[in-house]
Every structure is written in C-alpha cells, then in structure tokens.
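Note sheet for the following structure.
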Amino acid sequence: MKRILVTGGAGFIGSHLCERLLAEGNDVICLDNFFTGRKQNVAHLLGNPYFELVRHDVITPYYAEVDEIYNLACPASPIHYQYNPIKTVKTSVMGAINVLGLAKRVRAKVLQASTSEVYGDPNVHPQVENYWGNVNPIGIRSCYDEGKRCAETLFMDYHRQNGVRIKIIRIFNTYGPRMNPNDGRVVSNFIVQALQGNNITIYGKGTQTRSFQYVDDLVEGMIRLMNTPDEVTGPVNVGNPNEFTILELAQKVIELTQSTSKIVFEDLPADDPRQRQPDITQAHNLLGGWQPTVQLAAGLHKTIDYFRQQVR
Ligand code: NAD
Ligand code: UDP
C-alpha cells in the first residue's frame, strides 16, 4: 500500500484523484486550505479509514512520510486566481518549494499539476511541449501563468540538482462534476446559466477556442504519468484535442439542457488566449497509448446531471 499526498485534494480535480487513488488501494492524505475547494467534494470519502483530510496551506511546509505527492493546490479559475494575485504566486512558487523539499527529504516521487497556460496566447498551434509559449509577464493572468512556469522551473532544478523524481503534467481545460457552481470557468458558468434560465455570457465574440477534457480522462493520464519510469519527467500535455469555439460550446450547452436562455456578449478580459489545442503525441507514446475516451456531448451530459442537483 502506497501513502500518497494530494495537495488541493478537496478541489474539483483533486477530489476525483483522491477517490481513484483510494479505489486502487492506496492510503491518501488530502491537504487543502478550502479556498476554492469544499469539504463536500470529499465528504463521501471521510468514512474510509485510509483517507485523511488535513486543513493546511501549502505556502507553509508540511511534514509527512509519503511515497508519492500530487501537487494540485492552486486556484485555477481566472476570477479566483485574480482575487489575490500575490497569494496565487506564493501558492504556486512556495507550494512547489515546500512539496519538493518534502519529496527530497522522504525520497517521494512528486507530480506537478501544470497547465496549458504556460503557453500563454500561443503562436504555435496545436501546442507541443517544446514550444516555450507567449506569456505576458505583467498582465492580470501573469500571477497564474508565471507562477506555474516558475513551479516547472523549480521542479526541473530540484530534479537536476538534487535528483528528486519529478513528473510535470500540462493540463488543458478540464471539466466535470464537482466544479464549484461559482467557479467562474466557462463550462460551469454556461451550464449553471442555462439551468437557471439566465443569459449565457460569452466574453468577446466567442470565436476564441478551447479543447475540453472530461475529468476521468485527466485522472487516468495523471496516474499513468506518476507510474512512468524515473527518466520520464515531462512536461507532458494531457487534454482532449477536439477544439471548439466558445460560441459552439454555448450552443451545445443550450441544446443539451433544452434551455430557453439567450446568448449575450460581454467584454473579453485582457490577455484571453485566442486558441488552444493540445498536441497529445507524447502522452500517447509515454503513457501506454493514453487518449481521451469521453467526448464533449457525453461529458457535458454527466456534468449537467451533477449541476441539476446543485442549482435548483
Ligand atoms: P480547484 O480550484 O477546484 O482546486 C484547487 C484546490 O487547491 C482547491 O481545493 C483549493 O482550495 C486548493 N488550494 C488553493 N490554494 C491553496 C493553498 N495555498 N494551500 C492549500 N490548498 C490550496 O481547481 P481544479 O480545476 O481542481 O485545479 C486543480 C489543479 O489543476 C490546479 O493546480 C490547477 O492549476 C490545475 N489545472 C486545472 C485545469 C482545469 O481545467 N481544471 C487546467 C490546468 C491546470
Ligand atoms: N468565458 C466566457 N464566458 C464565461 C466564462 C468564460 O466566454 O462565462 C470564456 C473566457 O473568456 C475564455 C474561455 O471562455 O475565452 C475559457 O475560459 P475559462 O475561464 O474557463 O478558462 P481559460 O481561459 O483559463 O482557458
């Protein structure tokens, strides 16, 4: 039995990861400061004797004897990471230093939840891992983008300097049940708006694109990456390459919810990436033929079912 630490474990992705790791017979410590995560996301796991929930902030060190660490702690939605941008940088950078220090001391393997945002507003399409990106270092998204980029740097330097066993996964837009209804990201916003009969808010003209991955496909990719041989460090893109405009997403959500909501157009936030699509060749080759299995309509159905219970 492995003992596994999941930081940010009470969040959307973290809660699915904890559930899956427990189901595979591991002992799981879920650490969270509950900024965007919720106890409710892991309440169903609390009765399991191999599950521990710890309130802790990753900007201060945490000590535990563990075999593996998944570092997910960080607000992921633009409205939340921009709420206190200095804290967002501290969470990414000091959080990385703290989990890497722990991994070094206890010789644990450590996986960093990085992001497609390291590519910024990309000039290379689809995005391949050796593209260095087009990131504004002084804009309103920089606290998140540069924080995550610095975390990748720290992971590589702890690996080169101290031999820490690391894995970097670059996660592309992921959605599914347990996203917070007030999360502010596009999939949850559109579904909640459609179910409540409110206007669907498209920022800009809706011509910008994203490629949406269902959470179960991501969790499978994360665990496969953690289990790769030590020489595989990443970064590895994990996402669903099927690309949609935001207008197409709005139309799909209206269709699937059979909503009477109208689409309205609002201002586009600064530095909003115009296009995004992962090249997943590396994930496929390194992670035993991994590829997404849940396409948008099927994933949206499951997510809509979840939100119907949440927002009445
Ligand atoms: P989320 O906001 O639901 O989860 C983040 C979790 O981290 C929350 O439970 C939050 O309370 C916790 N947290 C935040 N700051 C913390 C701190 N200082 N100390 C301890 N806990 C803290 O978001 P998510 O979508 O589940 O994202 C999880 C991770 O995956 C994040 O690191 C995010 O950057 C990364 N990611 C997500 C996506 C996506 O599309 N969902 C894409 C790329 C990367
Ligand atoms: N977006 C939108 N309406 C919303 C929320 C988001 O049009 O209510 C847009 C946003 O401007 C961006 C895209 O949807 O172009 C994805 O936004 P999200 O915050 O989900 O993720 P990210 O921009 O970080 O990929």
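Data for the structure
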{"item": "Within region 131-183, tally of residues that are away from ligand 1 (no atom under 14 Å from the Cβ), under 17 Å from ILE97 (Cα atoms) and not in a helix (DSSP H, G or I)", "result": "4"}
{"item": "Enumeration of residues in region 83-117 that are surrounded by 17 or more Cβ atoms within 10 Å (Cβ to Cβ), of a type in the set (S, T, N, Q) and under 18 Å from GLU146 (Cβ atoms)", "result": "THR88, THR91, SER92, GLN112, SER114, THR115, SER116"}
{"item": "Meets criteria (away from ligand 2 (no atom under 16 Å from the Cβ) and touching a Gly at 6+ places or on another chain (Cβ under 7 Å)) for ASP57", "result": "no"}
{"item": "Single residue of ILE29, ILE13 found to be closer than 24 Å to TYR175 by Cβ and either in a strand (DSSP E or B) or in contact (Cβ under 8 Å) with a residue 60 or more places away in the chain (or both)", "result": "ILE13"}
{"item": "Positions within region 106-147 being of a type outside the set (D, E, K, R), closer than 25 Å to GLU68 by Cβ and more than 13 Å from ligand 2 (Cβ to nearest atom), in sequence order", "result": "VAL106, ALA108, VAL110, LEU111, GLN112, ALA113, SER114, GLY147"}
{"item": "Every residue from region 38-83 that is part of a strand (DSSP E or B) and within 21 Å of the chain's Cα centre (by Cα)", "result": "LEU53, VAL54, ARG55, GLU68, ILE69, TYR70, ASN71"}
{"item": "Members of region 268-312 found to be among the polar types (S, T, N, Q) and either assigned to a loop (DSSP other than H, G, I, E, B) or closer than 20 Å to MET222 by Cβ (or both), listed by number", "result": "GLN275, GLN277, THR281, GLN282, ASN285, GLN291, THR293, GLN295, THR303"}
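Computed from the coordinates by the stated procedures, all read-outs in this text should not be read as laboratory data. Bear in mind the structure is a predicted one, so any value in this text is a computation, not a measurement. Cβ atoms come from the backbone with ideal geometry, glycine included; neighbour counts cover every protein chain shown.
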